[in-house]
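The values are calculated or read from the model by the stated rules, or taken from the named source; none is laboratory data. None of the values given here were measured: they were computed from a predicted structure. Every residue, glycine among them, receives a Cβ derived from its backbone with ideal geometry; neighbour counts consider all protein chains shown. Note: accessible area is taken over every heavy atom of the protein model, side chains too, but ligands, DNA and RNA are not part of it. Shrake-Rupley method; radii C 1.70, N 1.55, O 1.52, S 1.80 Å.
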Protein chains: 2
Amino acid sequence: MRILGIDPGLRNLGWGVIEAQGSRLSHVANGILHSTGDEMPRRLLSLYEQLTDILHRFAPEAAAVEHTFVNKDGAGTLKLGQARAIALLVPAQFGLNVGEYAPNAVKKTVVGVGHAQKGQVEHMVRMQLPGVQIAGPDAADALAVAICHAYQGAAATKLDAAVRRASA
Amino acid sequence: MRILGIDPGLRNLGWGVIEAQGSRLSHVANGILHSTGDEMPRRLLSLYEQLTDILHRFAPEAAAVEHTFVNKDGAGTLKLGQARAIALLVPAQFGLNVGEYAPNAVKKTVVGVGHAQKGQVEHMVRMQLPGVQIAGPDAADALAVAICHAYQGAAATKLDAAVRRASA
């Protein structure tokens with residue numbers, strides 16, 4: 001199962017692709033997209049086109065997006081919402097299911113505690129994807145979301161199997 | 001010049017198409033799109049596909065979007081941001097310039113005062129587009145944004161002409 005993780009942002013959109021066989025993970029690629037253009041419609045179009053290109057190149061079978069932090073700054077939240085729309089729309093256009101995970105859920109799955117520091121997340125991502133070269137903090141977060149989705153998926157599959165065994 | 005106005009919303013996205021020849025306006029079509037599906041990615045995809053269909057059907061040459069009101073409710077603002085991203089992205093994909101207008105700017109242009117009541121906007125829209133059947137309040141707002149853009153465009157064109165005459 002190939003999983004695309006996305007950490008949405010208008011200026012920097014982190015992405016990371018991993019391959020998951022049960023709980024065995026390997027790194028495929030990661031990077032950061034930057035929106036170009038002065039006006040919002042062009043910036044969104046730029047992100048849309050770059051993310052579409054990532055989907056074409058790496059053909060993931062599932063996607064997971066970090067659920068944007070909602071703060072008290074309305075204008076900032078609005079911008080994040082716009083970037084997040086692109087992150088949700090493009091995988092849906094490719095027919096993928098898109099998991100959404102709050103930052104704390106990602107940290108809890110990847111690091112073991114919900115309030116881990118950023119450095120800890122990157123450290124655990126490196127541990128679980130040996131040899132990975134990480135393009136930056138946003139790409140590390142995107143890889144962490146993908147890892148979170150892989151574990152959730154593996155857990156769901158084990159649960160399914162257990163339920164099937166129990167009812168067989 | 002055919003102008004598409006959009007009042008973005010996740011549940012109800014109002015749209016209206018008008019034809020503007022200088023300050024002479026006529027109504028083409030209006031309606032309200034509803035996002036379908038339980039999950040956000042599918043809802044955004046549903047709006048995206050419906051709005052793309054509107055662009056194909058009516059082939060506007062310009063678009064104008066009401067600049068979403070940013071309130072104190074972070075979750076609501078995030079949703080509005082997501083709907084607004086679709087409203088900005090789709091016209092940009094068709095190569096259109098997209099004007100953005102704050103609700104007060106729309107009211108000031110259409111009604112003459114920035115703090116007009118909703119009923120006043122709809123009344124003025126009916127006055128300026130004789131015979132129009134309006135699909136609902138969100139469609140009335142969308143037509144008002146289109147009218148606002150028509151007047152701004154006409155004003156800009158007159159200014160251009162004046163500048164050209166002055167420098168000839």
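Output the number of residues of segment B:35-46 satisfying the condition of being out of contact with any strand residue (DSSP E or B) (no Cβ under 6 Å at 6 or more places or on another chain) and either in a strand (DSSP E or B) or not small (G, A, S) (or both).
Kept after step one, since they are out of contact with any strand residue (DSSP E or B) (no Cβ under 6 Å at 6 or more places or on another chain), are these residues of segment B:35-46: B:35-40, B:42-46.
From what is left, the residues that are either in a strand (DSSP E or B) or not small (G, A, S) (or both) are B:36, B:38-40, B:42-45.
The total comes to 8.
Within segment A:7-25, is there a residue that is assigned to a strand (DSSP E or B) and closer than 16 Å to B:G81 by Cβ?
Here is the first cut: in segment A:7-25, the ones assigned to a strand (DSSP E or B) are A:7, A:12-21, A:24-25.
Now narrow it down to the ones that are closer than 16 Å to B:G81 by Cβ: A:13.
Yes, some residue in segment A:7-25 is assigned to a strand (DSSP E or B) and closer than 16 Å to B:G81 by Cβ.
I want to confirm something. Restricting to segment A:91-110 and keeping residues that are touching a residue at least 40 places away in the same chain (Cβ under 8 Å) and small (G, A, S), which single residue is least open to solvent (accessible area, probe 1.4 Å)?
A:G99
Of everything in segment B:26-39, what is of a type outside the set (S, T, Y) and either away from chain A (no Cβ under 14 Å) or open to solvent by less than 30 Å² (accessible area, probe 1.4 Å) (or both)? Give them in sequence order. Spell out the reasoning first.
Of segment B:26-39, the ones of a type outside the set (S, T, Y) are B:27-34, B:37-39.
Those that are of a type outside the set (S, T, Y) and either away from chain A (no Cβ under 14 Å) or open to solvent by less than 30 Å² (accessible area, probe 1.4 Å) (or both): B:H27, B:V28, B:A29, B:N30, B:G31, B:I32, B:L33, B:H34.
Being crowded, with 24+ Cβ neighbours inside 10 Å and of a type outside the set (A, V, I, L, M, F, W, C) is the filter here, so list the residues in segment A:78-90 that pass it.
Of everything in segment A:78-90, those that are crowded, with 24+ Cβ neighbours inside 10 Å and of a type outside the set (A, V, I, L, M, F, W, C) turn out to be A:G81, A:Q82, A:R84.
Within segment A:88-123, how many residues turn out to be closer than 15 Å to A:G16 by Cα and in contact with a Lys or Arg (Cβ under 7 Å, 6 or more places away or on another chain)?
Summing the residues that are closer than 15 Å to A:G16 by Cα and in contact with a Lys or Arg (Cβ under 7 Å, 6 or more places away or on another chain) in segment A:88-123 gives 1.
What number of residues in segment B:46-65 are open to solvent by 10 Å² or more (accessible area, probe 1.4 Å), over 19 Å from B:V28 (Cα atoms) and either more than 10 Å from chain A (Cβ to nearest Cβ) or not charged (D, E, K, R) (or both)?
If we filter segment B:46-65 for residues that are open to solvent by 10 Å² or more (accessible area, probe 1.4 Å), which is where we start, we get B:46, B:48-50, B:52-53, B:56-61.
Next, from what is left, pick out any that are over 19 Å from B:V28 (Cα atoms): B:46, B:48-49.
Going one step further and asking which of them are either more than 10 Å from chain A (Cβ to nearest Cβ) or not charged (D, E, K, R) (or both), we end up with B:46, B:48.
Final tally of qualifying residues: 2.
Which of the residues that make up segment B:51-82 are among the aliphatic types (A, V, I, L, M) and within 24 Å of A:H67 (Cβ to Cβ)?
Applying the first criterion (among the aliphatic types (A, V, I, L, M)) to segment B:51-82 yields B:51, B:54-55, B:59, B:62-65, B:70, B:75, B:78, B:80.
Selection gives B:V70, B:A75, B:L78, B:L80.
Report yes if some residue within segment A:112-129 is crowded, with 23+ Cβ neighbours inside 10 Å and more than 8 Å from chain B (Cβ to nearest Cβ); otherwise report no.
Looking for residues that are crowded, with 23+ Cβ neighbours inside 10 Å and more than 8 Å from chain B (Cβ to nearest Cβ), one finds at least one in segment A:112-129, hence yes.
Quick test of your reading of the structure: B:G22 fulfils all but one of (1) surrounded by fewer than 24 Cβ atoms within 10 Å (Cβ to Cβ); (2) within 14 Å of another protein chain (Cβ to nearest Cβ). Name the failing condition by number.
Of the numbered conditions (1) surrounded by fewer than 24 Cβ atoms within 10 Å (Cβ to Cβ); (2) within 14 Å of another protein chain (Cβ to nearest Cβ), the odd one out for B:G22 is (2).
Would you pick out the residues in segment B:66-77 that are open to solvent by 10 Å² or more (accessible area, probe 1.4 Å), under 19 Å from B:P103 (Cβ atoms) and either free of Cβ contacts under 8 Å to residues at least 60 places away in the same chain or more than 7 Å from chain A (Cβ to nearest Cβ) (or both)? Even if it seems obvious, please write down each step before you answer.
Taking segment B:66-77 first, the residues open to solvent by 10 Å² or more (accessible area, probe 1.4 Å) are B:66-76.
Imposing the further condition that a residue be under 19 Å from B:P103 (Cβ atoms) reduces the set to B:66-73, B:76.
Result: B:E66, B:H67, B:F69, B:V70, B:N71, B:K72, B:D73, B:G76.
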